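Here's the structure we're looking at; comments come further down.
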Amino acid sequence: MSEAEMLIIGGGIAGTSTAYHLAQCGHSVTLLERGEIASEASGVNAGSIGAIGWGQVPDLQAYLTTGSLEIFKSLQLDLGYDIEFRQAGGLQAIHTEAQYAFTRDRVLDLRAHGYGVELLTTREARSLEPGVNPALPGCMYLPLRGQANPQKATRAFATAATRSGARILTQHTITALQARGDNTYLVETVQGLFEVGTLVIAAGAWCSVIGAWLGLRIPIVPVRGQMWATPSLPPRVFHTISSAESALHWHTASGKNANTPPELTHRGNARLTRHLYGRQTRDGEIIFGGDRQLVGDNKTPDSAGITVNHDHAAEVLPLLRELPIARTWAGLMPFSLDGAPLIGKLPPYNSLYIVSGLASSGFGRGPMAGKLLADYIHSGHRHPALAEADPARCVTLGRETSVLAAAPRNA
Ligand SMILES: Cc1cc2nc3c(=O)[nH]c(=O)nc-3n(C[C@H](O)[C@H](O)[C@H](O)COP(=O)(O)OP(=O)(O)OC[C@H]3O[C@@H](n4cnc5c(N)ncnc54)[C@H](O)[C@@H]3O)c2cc1C
């Protein structure tokens, strides 16, 4: 039996950032990961960091996005980890007059609230990103958007945590949990038992499985995200690239119901909208993705969806039309059913916490999510912004089978 003051389940960006920030506060931290660090969503994402600033009255989203941007910067510029971070800015392509009107109103609203975004003519957009299609009506410019290598960044948090005294154990699958009367937990792995004072669930799309062991229904479901890449090329794409098509669709119809999170691209196998994000990596691949589909634990990319996404990307950057797809991949994103993150205490337990539900933007929001949770655990004081992410709003008691196991498997 090993003892740990604090134990974190999951070696993705949420868990490694929490471990780093708790270790920085002087706590004795153990992190258990069943695979390698960044072996799930945190290692296969697009690496886009979606900040637009603090705004006049920073809310949770501003803390998570712009706070994380600052942490990424610090990791590379102050601590010296090469995570391929660049604050290159982002362009969101507008395809139709309806999207133009929607984006114009959105830009006006965001600017009125103190966020740094702009509406560009296509000519202005093409002077920043020469490959943009001249036939588009315009683009939204997001100058604070950053990008980084997701594998390198997540591993950097794990290394920084280790250097601050944390113990990171990979190839450690947790197979059962038990809450004991004295506010401690027994954590069972194949390698042995851990007796733990404070337990943090940072298990991404598998949080509901972990919660079920403690009799909790955690409403987080796995949503498949998939991507494709061109072969390596000389520099051609300089910003992160997205599209206003899904933003307008989800503004009018979020698609949320009791069993479905908001802002998916599909209902069952039927496509509702096209979503798009991408960039060119330092090693030259142009990578794009966008689909968000409820398909249980299926991580096989759907080739029809890849084709739709490739066409969508080529509408924005015509140079992609002629470029072959060299590889595809997919991962599972942790979507909460109401769309908001879960960061905080898990009632009715003491010393049980969760940091998850970061959905499709957990790479860009995970560093600050981990810091806010670590500060809460360390000080006992919950940052006011975390009220929006309080797990008590949606986590219920009940020994249900896990959402993951119950979800449909068909693509
Ligand atoms: C294709 C794709 C593209 C994306 N693009 C972006 C993007 O550009 N920008 C962005 O901000 N976000 C993006 N995301 C979303 C982002 O990747 C996720 O929101 C984020 O990585 C979630 O981090 P996490 O730490 O919560 O989960 P994960 O990275 O999934 O980590 C959870 C870890 O818990 C471990 N675990 C689970 N169960 C157990 C157990 N029983 N025992 C031990 N360990 C366990 C898993 O092995 C896993 O490593 C994308 C996601 C995908 C799939």
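The values are calculated or read from the model by the stated rules, or taken from the named source; none is laboratory data. Note that the coordinates shown come from a computational prediction; the quantities given were computed from them, not determined experimentally. Every residue, glycine among them, receives a Cβ derived from its backbone with ideal geometry; neighbour counts consider all protein chains shown.
Scan the range 180-208 for residues that are surrounded by fewer than 20 Cβ atoms within 10 Å (Cβ to Cβ) and either over 26 Å from G366 (Cα atoms) or within 14 Å of the ligand (Cβ to nearest atom) (or both) and the total you get is 13.
When residues in the range 269-298 are screened for being in contact with a Phe, Trp or Tyr (Cβ under 8 Å, 6 or more places away or on another chain) and small (G, A, S), 3 of them pass. Applying a threshold of 6 Å to beta carbon distances and a minimum spacing of six or more residues, or different chains, the list of pairs starting in the range 343-361 at a residue that is under 13 Å from N183 (Cβ atoms) and in contact (Cβ under 8 Å) with a residue 40 or more places away in the chain and ending at one that is more than 8 Å from the ligand (Cβ to nearest atom) and polar (S, T, N, Q) reads N350/N183; S351/N183; S351/T198.
For (1) under 19 Å from A313 (Cα atoms); (2) at pLDDT 95 or above; (3) touching a helix residue (DSSP H, G or I) at 6+ places or on another chain (Cβ under 9 Å), each residue gets a yes or a no:
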position	(1), (2), (3)
Q92	yes, yes, yes
Q99	yes, yes, yes
T103	yes, yes, yes
T122	yes, yes, no
L142	yes, yes, no
Q151	no, yes, yes
A161	no, yes, yes
G165	no, yes, yes
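For the range 142-157, the criterion of being more than 30 Å from G53 (Cα to Cα) and either of a type in the set (S, T, N, Q) or touching a strand residue (DSSP E or B) at 6+ places or on another chain (Cβ under 8 Å) (or both) is met by no residue.
Please enumerate the residues belonging to the range 183-225 that are in a strand (DSSP E or B), out of contact with any helix residue (DSSP H, G or I) (no Cβ under 6 Å at 6 or more places or on another chain) and of a type outside the set (A, V, I, L, M). Y185, E188, T189, G192, F194, E195, G197, T198, R217, R224, G225 - these are the residues of the range 183-225 that are in a strand (DSSP E or B), out of contact with any helix residue (DSSP H, G or I) (no Cβ under 6 Å at 6 or more places or on another chain) and of a type outside the set (A, V, I, L, M). L216 satisfies every condition listed in (1) crowded, with 16+ Cβ neighbours inside 10 Å; (2) in contact with a strand residue (DSSP E or B) (Cβ under 6 Å, 6 or more places away or on another chain) except (2). Remark: R217 matches the filter, which requires a residue to be among the basic types (K, R) and more than 11 Å from the ligand (Cβ to nearest atom).
Of everything listed in (1) touching a residue at least 24 places away in the same chain (Cβ under 8 Å); (2) under 30 Å from A229 (Cα atoms); (3) of a type in the set (D, E), the single unmet condition for E322 is (1).
Quick check on S232: is it free of Cβ contacts under 8 Å to residues at least 60 places away in the same chain, surrounded by fewer than 20 Cβ atoms within 10 Å (Cβ to Cβ), touching a Gly at 6+ places or on another chain (Cβ under 6 Å) and over 16 Å from N45 (Cα atoms)? In short, yes.
For the range 165-179, the criterion of being crowded, with 17+ Cβ neighbours inside 10 Å and within 24 Å of F85 (Cβ to Cβ) is satisfied by at least one residue. The selection criterion, being surrounded by fewer than 20 Cβ atoms within 10 Å (Cβ to Cβ) and either away from the ligand (no atom under 15 Å from the Cβ) or part of a loop (DSSP other than H, G, I, E, B) (or both), does not hold for Q99. Restricting attention to the range 14-38 and to residues that are under 15 Å from the mean Cα position of the chain (by Cα) and over 15 Å from R163 (Cβ atoms), the residue that is surrounded by the most Cβ atoms within 10 Å (Cβ to Cβ) turns out to be A14.
If only residues of the range 277-324 that are in contact with a helix residue (DSSP H, G or I) (Cβ under 8 Å, 6 or more places away or on another chain) and of a type in the set (K, R) are counted, the one that is nearest to L358 (Cα to Cα) is R292. Among the residues of the range 345-370, just one is within 10 Å of the ligand (Cβ to nearest atom) and among the basic types (K, R), namely R365. Listed by first and then second residue, the pairs linking a residue in the range 123-140 that is in a strand (DSSP E or B) to a residue that is of a type in the set (S, T, Y), with Cβ atoms under 8 Å apart and 6 or more places separating them unless they lie on different chains, are G138/Y100; G138/T103; G138/T121; G138/T122; C139/T122; M140/T103.
Does the range 266-285 contain any residue that is farther than 17 Å from S361 by Cα, crowded, with 16+ Cβ neighbours inside 10 Å, acidic (D, E) and away from the ligand (no atom under 11 Å from the Cβ)? Checking the range 266-285: at least one residue is farther than 17 Å from S361 by Cα, crowded, with 16+ Cβ neighbours inside 10 Å, acidic (D, E) and away from the ligand (no atom under 11 Å from the Cβ).
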